[in-house]
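Taking it in order: structure first as C-alpha cells, then the write-up.
The values are calculated or read from the model by the stated rules, or taken from the named source; none is laboratory data. Source: prediction; values computed, not measured. So basically every Cβ, Gly included, is an ideal-geometry build from the backbone, and we count neighbours across all protein chains shown.
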Amino acid sequence: MHTRLSSASKEVTIGDDQPFCIIGERINPTGRRLFQEQLRAGDLSAIERDVAAQVAQGAMVLDINMGVPLTDEPALLRRAVKLVQSITDLPICIDSSVVEALEAGLSVYEGRALVNSITAEDDRMAEILPMVKHYNAAVIALPNDHDEIPMEADKRLVLTKKILDTAVDKYGLAVEDIIIDPLAMPIGADPNIVNVAYETIHRIHDEYGANMTVGASNVSFGMPGRQTINATFLPMAMTVGLTSAIMDARTPQIVEAVKAADLLLGHDEWGMAWIAAHRARQVAEKASTP
C-alpha cells in the first residue's frame, strides 16, 4: 500500500516496500522559547536554518507546526508553508490542532500534503476529513478518542478500524491516504508501553496493511541518552511494519540507524544509498581537513 505525497516538483512514496520515510520534526516551536519569541515578532529566519539542517541530513518530508500562543496561527502557518516551499522541494506535513490553521496551510500548499492529525473522535473527523478530501491530501490518524489514550493494543486496533471505516465509507478517502500513528509513548512512564506500540504496529500492518508513523522522540522523553534510545527504537519498529516517523532528522546517529535498517530489510537495493552516503561523508571529511 503506497501513500504518495508531493511538492510542486517532487514525489515521496511511503510503503513497506519503500525506504523508510524520514519526516523532519524540527520546525516546531514547542519547547523552543527563542523560536517562539522570533515567531511572535514575525521573524521566520530560523525556519530557513531548520530546513537546511534537516535537508542536509536526509529528511524526506518536513513537518511544520506554528502553534505559538498569542499569535494568529493560521496566518503564521500560511507564511511558513509558503516560505518552506520557496527554499526546498520536499513535501510538507502541515501540523496543527487548529482546524483553521490546517486549512490556511492547505490553501497555499502546492502539491499533495500530509495533514497532522485526526483522532477517532467523531467531531474531529467531521471537521478535518472533508478538508483532507477537498485538498487531495493524506492524513495522520491517532487511535484515541474522547475517553482515553488506550494502553492496550486491542483498543487501539478497534479505534484504527473505526477511523479507516469512517474515512473510507463516510468521507470517500482511500485507505492508503490514512497513515496510522500507533501511539509511541515514553518508556520512562511504563516499562511495557513500547512493547504495546510494537504489538500495535505489527497487528495494524498484518490486518490492514496501512502505512504508519510515530512521533519517535516521544519514546525517549524524560530519559538520558535519548539519541541512543531513538536510534534503537526505530529499526525495531521497522521490522514489524512502521513505514515513517516524525523524527529528529538532524542527528546522524538516528538517521544512520534508519538507513542501516533499510539496507538490512532489503529497501536499499545493493546498498547503493548506504554506499553513496558513506562516500559523501568521506568527501566532506576530506574537504574539512586542513
Here are Asp123, Asp154: which of them is out of contact with any Leu (no Cβ under 9 Å at 6 or more places or on another chain), closer than 16 Å to His202 by Cα and without any contact (Cβ under 8 Å) to a residue 60 or more places away in the chain? Asp154
Single residue of region 238-266 satisfying the filter (free of Cβ contacts under 8 Å to residues at least 60 places away in the same chain and not hydrophobic (A, V, I, L, M, F, W, C)) that is surrounded by the most Cβ atoms within 10 Å (Cβ to Cβ): Glu256
Looking at (1) touching a helix residue (DSSP H, G or I) at 6+ places or on another chain (Cβ under 7 Å); (2) surrounded by 19 or more Cβ atoms within 10 Å (Cβ to Cβ); (3) under 22 Å from Arg226 (Cα atoms), which is the only condition Pro186 fails? (2)
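For (1) touching an Asp or Glu at 6+ places or on another chain (Cβ under 9 Å); (2) closer than 16 Å to Ile14 by Cα; (3) at pLDDT below 95, each residue gets a yes or a no:
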| site | (1), (2), (3) |
| --- | --- |
| Thr232 | no, no, no |
| Ala237 | no, yes, no |
| Gly241 | yes, yes, no |
| Ile246 | yes, yes, no |
| Pro252 | no, no, yes |
| Ala261 | no, yes, no |
| His267 | yes, yes, no |
| Ala273 | yes, no, yes |
Does region 64-81 hold any residues that are part of a helix (DSSP H, G or I) and either polar (S, T, N, Q) or surrounded by fewer than 18 Cβ atoms within 10 Å (Cβ to Cβ) (or both), and which are they? Ala75
From the residues in region 168-220 that are under 17 Å from the mean Cα position of the chain (by Cα) and among the β-branched types (Val, Ile, Thr), which one is farthest from Ala237 (Cα to Cα)? Ile178
Test Asp16 against the criterion of being of a type in the set (D, E, K, R), surrounded by 14 or more Cβ atoms within 10 Å (Cβ to Cβ) and under 19 Å from the mean Cα position of the chain (by Cα), and give yes or no. yes
What are the residues in region 41-53 that are of a type outside the set (Val, Ile, Thr), in a helix (DSSP H, G or I) and closer than 14 Å to Leu83 by Cβ, if any? Ser45, Ala46, Glu48, Arg49, Asp50, Ala52
Filter region 204-237 for residues that are among the small types (Gly, Ala, Ser) and assigned to a helix (DSSP H, G or I); which is surrounded by the fewest Cβ atoms within 10 Å (Cβ to Cβ)? Ser217
Can you name every residue in region 54-63 that is part of a loop (DSSP other than H, G, I, E, B) and touching a residue at least 60 places away in the same chain (Cβ under 8 Å)? Gly58, Ala59
Is at least one residue of region 88-97 in contact with a Gly (Cβ under 9 Å, 6 or more places away or on another chain), assigned to a helix (DSSP H, G or I) and either under 26 Å from Pro29 (Cα atoms) or touching a residue at least 60 places away in the same chain (Cβ under 8 Å) (or both)? no
Filter result for Glu176 (touching a strand residue (DSSP E or B) at 6+ places or on another chain (Cβ under 8 Å) and surrounded by fewer than 19 Cβ atoms within 10 Å (Cβ to Cβ)): yes
Could you check region 101-121 and list, in sequence order, the residues that are β-branched (Val, Ile, Thr) and surrounded by fewer than 22 Cβ atoms within 10 Å (Cβ to Cβ)? Val108, Thr119
